[in-house]
1. Quick test for you: out of 193, 150, pick the one residue that is in contact with a helix residue (DSSP H, G or I) (Cβ under 8 Å, 6 or more places away or on another chain) and without any contact (Cβ under 8 Å) to a residue 12 or more places away in the chain.
2. State all residues of the stretch 196-213 that are in a loop (DSSP other than H, G, I, E, B), in contact with a strand residue (DSSP E or B) (Cβ under 8 Å, 6 or more places away or on another chain) and surrounded by fewer than 16 Cβ atoms within 10 Å (Cβ to Cβ); if no residue qualifies, say none.
3. Determine which single condition residue 102 fails, assuming it passes every other condition in (1) on the phi > 0 side of the Ramachandran plot; (2) crowded, with 18+ Cβ neighbours inside 10 Å; (3) without any contact (Cβ under 8 Å) to a residue 60 or more places away in the chain.
4. Look at the stretch 5-20 and say how many of its residues are out of contact with any strand residue (DSSP E or B) (no Cβ under 8 Å at 6 or more places or on another chain) and within 17 Å of residue 85 (Cβ to Cβ).
5. Does at least one position in the stretch 163-170 carry a residue that is part of a loop (DSSP other than H, G, I, E, B) and surrounded by 12 or more Cβ atoms within 10 Å (Cβ to Cβ)?
6. Can you confirm whether the stretch 61-71 contains a residue that is out of contact with any helix residue (DSSP H, G or I) (no Cβ under 6 Å at 6 or more places or on another chain), on the phi < 0 side of the Ramachandran plot and free of Cβ contacts under 8 Å to residues at least 24 places away in the same chain?
7. Can you spot a residue in the stretch 163-185 that is within 20 Å of residue 211 (Cα to Cα) and in contact with a strand residue (DSSP E or B) (Cβ under 6 Å, 6 or more places away or on another chain)?
């Protein structure tokens, strides 16, 4: 892997020593600069869990991706820098229940303390969570909590009504990247997958988040939300270029 090109892609210029501060800085920079997006699915382009393919897409062509792509490639970067990284299978909480194994790919990074790392979940914690700390951990004003169970850990987030809601659950046993192939294929082909139903592109900003959901542009800044309906595909392409730096061929 061309580490310097990857670091340039995420705009990271900080230290590279194997510390929690470095990990946090890399994580935050990644979320500010690389969007979570499913556009290839709606272009009919296959998503392949291959390091070279993902590097070309995310770094060379300055695209984003979804969990398998973003966390998969980020794990390679962290490994190249010397961090000890485990790929973990997670099950996303949706419609009142947790999904199947390999529904989501998240990461465990082992330092003096272990950390939950995730740059591929969209609107989620901006800096890593201390894995074995079960109390509330506040990131950018939002409280998160990790709850251990008999076999699974749950990631909880506090909502606007001061209630804890589940994001996903995960197990700590390490997985291989190839273990996620079947669910990656499912999420890009099944009509039951929410990734096949709407186009999505979203990234964090210094003061909030920018999201493009089909033809709805949603900007949150300093807690204030604005929404605009785009008039056509030309404006959609313009928003992708101006807000996310993405240039695509004509979409379906």
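What follows draws every value from the coordinates through simple rules; no lab data is involved. The structure displayed is predicted, hence computed values, not measured ones. Cβ atoms come from the backbone with ideal geometry, glycine included; neighbour counts cover every protein chain shown.
1. So the residue among 193, 150 that is in contact with a helix residue (DSSP H, G or I) (Cβ under 8 Å, 6 or more places away or on another chain) and without any contact (Cβ under 8 Å) to a residue 12 or more places away in the chain is 193.
2. Listed by number, the residues that qualify are 198, 207.
3. Unmet for residue 102, out of (1) on the phi > 0 side of the Ramachandran plot; (2) crowded, with 18+ Cβ neighbours inside 10 Å; (3) without any contact (Cβ under 8 Å) to a residue 60 or more places away in the chain: (3).
4. 8
5. Of the stretch 163-170, the ones part of a loop (DSSP other than H, G, I, E, B) are 163.
Going one step further and asking which of them are surrounded by 12 or more Cβ atoms within 10 Å (Cβ to Cβ), we end up with none.
No, because not a single residue in the stretch 163-170 is part of a loop (DSSP other than H, G, I, E, B) and surrounded by 12 or more Cβ atoms within 10 Å (Cβ to Cβ).
6. Within the stretch 61-71, one or more residues are out of contact with any helix residue (DSSP H, G or I) (no Cβ under 6 Å at 6 or more places or on another chain), on the phi < 0 side of the Ramachandran plot and free of Cβ contacts under 8 Å to residues at least 24 places away in the same chain.
7. Here is the first cut: in the stretch 163-185, the residues within 20 Å of residue 211 (Cα to Cα) are 167.
Narrowing further to those that are in contact with a strand residue (DSSP E or B) (Cβ under 6 Å, 6 or more places away or on another chain): 167.
Yes: the stretch 163-185 contains one or more residues that are within 20 Å of residue 211 (Cα to Cα) and in contact with a strand residue (DSSP E or B) (Cβ under 6 Å, 6 or more places away or on another chain).
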